[in-house]
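Heads up: the structure comes next, in structure tokens.
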Amino acid sequence: MTDFLHHLGMEDKELVESLQRGLRSRAVPHGRLMLDSEHLVQRFQALVHEAFTSDLDEAENRAEPSADR
Amino acid sequence: MVVVRDREGELRALINVCRHRAAVVARGSGNAKALQCLYHWTYRLDGSLRAAPRSEREADFDPCDLGLAAARVAVWGPLVFVNSDAGAEPFEETFAPLLDLDLEDHEPSDFRLHSRTEWQIEANWKVLSKNYLECYHCPLAHPGFGRMIKVDPEGYVNRAEGQFFLSRTPLKESILASDLPPGVPYDPCGSISHGTFVLLWPHTTLNLLPGMPSIYVLGFSRRAPSAPAAFGISSSFPGLKSGSSQR
């Protein structure tokens, strides 16, 4: 089972490294998810967006008092 | 962060940065009666300051104000989860579905650390997590997987509850019915009959494959703030009990 897990990991490594290279090219601004099979990916994207934008909101709130000075 | 268990068995996570001049206090792993910073100060395992040389020469030196701060701790089987945010929702609420996870005949406490490996991958943690969250790529990219478990949309369950993600799929009937067909990567018949894949937001995964009871934990981290390279730390936790139906 351990050998198989290693094998699966190597198969995924090839996938994600190609995806990262493609993303870095910025050639495709919007992808097309297959939501019947990939709705967890969509849900994950929403959490990422929420986490990053709430951090921005917090940063803006922190910045306000110093702007008054 | 340092995670310690004291003589009484109490488990704690402490912010592992000295309250004197912010050196890292504990290094490595092992057994210790106290945590001593390489510079000077010593802390008890509950985080309180035990000794600070020359503190008697200082005015207003109160050791009570100078302990290592505690972080939140949660335990699931062999895994310890820590959170430095004192205001965060309890782990047991955020990841409530994990407490009900179907481990078939096993309990989380059946599992013990077996081994640990690190992977270096030139992709960031978001790419890794998203690749993990779908099996649309399985038929083409993981042929061995597809010969063993159901990777078609009918067999494969994908569910999200808050920050908890679950994918689950059974062994193929053809595997259970006969001798192992060619191309099946290992003997998947044992006390675990499903593939179970859990992601705890943002990048911790727990994996069970059909066959002998084993949890494989894979976390995706960022090695440097600007680098896209993530490294996976995978640990496997075999179950103590072996299934009666194992062949």
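Some points to look at:
- Strands (runs of 3 or more DSSP E) fully within region B:145-206 counting 3 or more residues that are within 10 Å of chain A (Cβ to nearest Cβ) and buried (at least 17 other Cβ atoms within 10 Å of the Cβ): B:164-170
- Contacts under 6 angstrom Cβ, first residue in region A:14-25 being part of a helix (DSSP H, G or I), partner of a type in the set (A, V, I, L, M, F, W, C), 6 or more apart: A:L15/B:A141; A:V16/B:A123; A:V16/B:V127; A:V16/B:L128; A:E17/B:A123; A:L19/B:V127; A:Q20/B:A123; A:Q20/B:V127
- Conditions (1) out of contact with any helix residue (DSSP H, G or I) (no Cβ under 9 Å at 6 or more places or on another chain); (2) exposed (fewer than 14 other Cβ atoms within 10 Å of the Cβ); (3) among the acidic types (D, E); number of the one not met by B:D46: (2)
- Checklist (1) part of a helix (DSSP H, G or I); (2) farther than 28 Å from B:S235 by Cα applied to B:G87, failing item: (1)
- Residue in region A:31-41 that is surrounded by 11 or more Cβ atoms within 10 Å (Cβ to Cβ), modelled with pLDDT of 95 or more, touching a Leu at 6+ places or on another chain (Cβ under 6 Å) and within 21 Å of B:F197 (Cβ to Cβ) present: yes
- Test: B:R19 is in a loop (DSSP other than H, G, I, E, B) and in contact (Cβ under 8 Å) with a residue 40 or more places away in the chain: yes
- The residues of region B:116-136 that are assigned to a helix (DSSP H, G or I), out of contact with any Pro (no Cβ under 7 Å at 6 or more places or on another chain) and not aromatic (F, W, Y), listed by number, are B:K126, B:V127, B:L128, B:K130, B:N131.
- For region B:117-164, residues that are more than 23 Å from B:P188 (Cβ to Cβ), modelled with pLDDT of 95 or more and acidic (D, E) total 1.
- Sole exception among (1) within 11 Å of chain A (Cβ to nearest Cβ); (2) surrounded by fewer than 17 Cβ atoms within 10 Å (Cβ to Cβ); (3) of a type in the set (A, V, I, L, M) for B:M212, by number: (2)
- First in region B:61-76 and more than 14 Å from B:L35 (Cβ to Cβ), second anywhere and of a type in the set (K, R), Cβ under 9 Å, 6 or more apart: B:P63/B:R50; B:D65/B:R19; B:A71/B:R12; B:V73/B:R12
The values are calculated or read from the model by the stated rules, or taken from the named source; none is laboratory data. Here the structure is a predicted model, which means the values were calculated and not measured. Because the Cβ atoms are built from the backbone with ideal geometry, glycine has one as well, and the counts that use them run over all protein chains shown.
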